[in-house]
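Q: Starting off with a structure, shown below.
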Amino acid sequence: MLLLTAAGHTVFAGTHKEHADLTVPTLAVSLTDDLPTMQAALAGHDLDAVFQVAGSRGQNLLQVDAYGAVKLAQAAEALGIERYIMLSSFNATEPSLWPDTLGDYYIAKFFADEWLINQTKLNYTIVQPGSLTEEPGTGKITLNPAKAANNSIDNVAAVLVATLNEPKTYRQVFTMTDGEQPIKQALQSL
C-alpha cells in the first residue's frame, strides 16, 4: 500500500476487521462476503484497479483463496473496474509442476487463476512468486525461472505495484523469484 501511495495513487484496503496499523482508508469487505455485499462495498469509490493479495493462510482455502478471489473478480467486472492484479503461487496454473505438498492450496489457486483468465474480460495480471521471505528486497528479480526459489515480500510488493501501469504485464501470468534483473526491466521484457 505504501508503494502505491508513494506513487501518487489513492488506495483503499479491503478488510473484514479493524486494523489500527493501516495508513490508508479501509473498505469493509471480506472475501467470504456474498457477491452483492462485495459489490456494494466497492461501489462508489471510483476505483481504477483491484489488487487481490489476500489469502487464508490455509484456514479457509475454498471460501477465501478460491471462491473469494472469484467473487472479487466478478465484483470488479460488474462495477466496470477493468484492471485486476492478483497474487497467486508459483506455477499455480501448471498442475503437473506442483509440489507434492500443499495440494489443496494449489487447487484453490488454480481455480482462482483459471477463472480470472477464462471467465472474465478483466485486464488481469497474475503474479506467481515462490516462497515468501522477510528478507529485505533488492529490487531485482527473475521472471519465469525454471524452478521455484525465495522471494522477498518487498520484491513481490514492488512487482505487484509495477504491473499496474506496465502494458507488457496486461493479460499475463508469470512466475518470479528474487534474481538479478531490475524489476522494471524484467517486466518490460515480457
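Q: Using a 1.4 Å probe over the heavy atoms of the protein chains, calculate the carbon and sulfur portion of the accessible area of segment 31-163 as a whole percent.
A: Values: 3430 of 6620 Å².
Using a 1.4 Å probe with all protein chains present, segment 31-163 comes out at 52 percent carbon and sulfur.
Q: Any chance you could run the full-extension gain for Asn150 through Lys121? It's 0.36 nm times the residue separation minus the Cα-Cα distance, nm to one decimal. Write down the numbers at each step before the final one.
A: On the way: separation 29, 0.36 × 29 = 10.44 nm, distance 3.16 nm.
Length difference between fully extended and current span is 7.3 nm.
Q: Sticking with this structure for a sec: Enumerate the aspartates and glutamates that Lys140 could reach by cross-link, defined here as Cα to Cα under 20 Å, with residues fewer than 8 away along the same chain left out.
A: Asp154, Glu166, Asp178, Glu180
Q: Another question about this same structure. What order, most packed first, do the peptides 96-105, 42-51, 64-73 have when packing is the mean number of other Cβ atoms within 10 Å of each residue?
A: 64-73, 42-51, 96-105
Q: Could you tell me the calculated FRET efficiency between Leu97 and Leu62, based on Cβ-Cβ distance and R0 = 22 angstrom, to the nearest 0.05?
A: Values: r = 22 Å, r/R0 = 1.01.
The calculated FRET efficiency here is 0.50.
Q: Next question. On each of the three principal axes of the Cα atoms of segment 111-190, give max minus min coordinate, whole Å, ordered largest first.
A: So the three principal-axis extents are 36, 24, 21 Å.
Q: So what's the net charge close to Ala69: Lys and Arg +1, Asp and Glu -1, counting the other residues with Cβ under 14 Å from its Cβ?
A: In short, -3.
Q: Once both labels are modelled 7 Å past Cα along the beta-carbon direction, what's the Asn165-Lys140 spacing in nm?
A: Result for the modelled spin labels: 2.6 nm.
The values are calculated or read from the model by the stated rules, or taken from the named source; none is laboratory data. This is a predicted model, so every value here is computed, not measured. Glycine gets a Cβ as well: all are built from the backbone with ideal geometry, and neighbour counts include every protein chain shown. When the accessible area is computed, the model is the full protein with side chains, heavy atoms only, and any ligands, DNA or RNA have been set aside. Shrake-Rupley method; radii C 1.70, N 1.55, O 1.52, S 1.80 Å.
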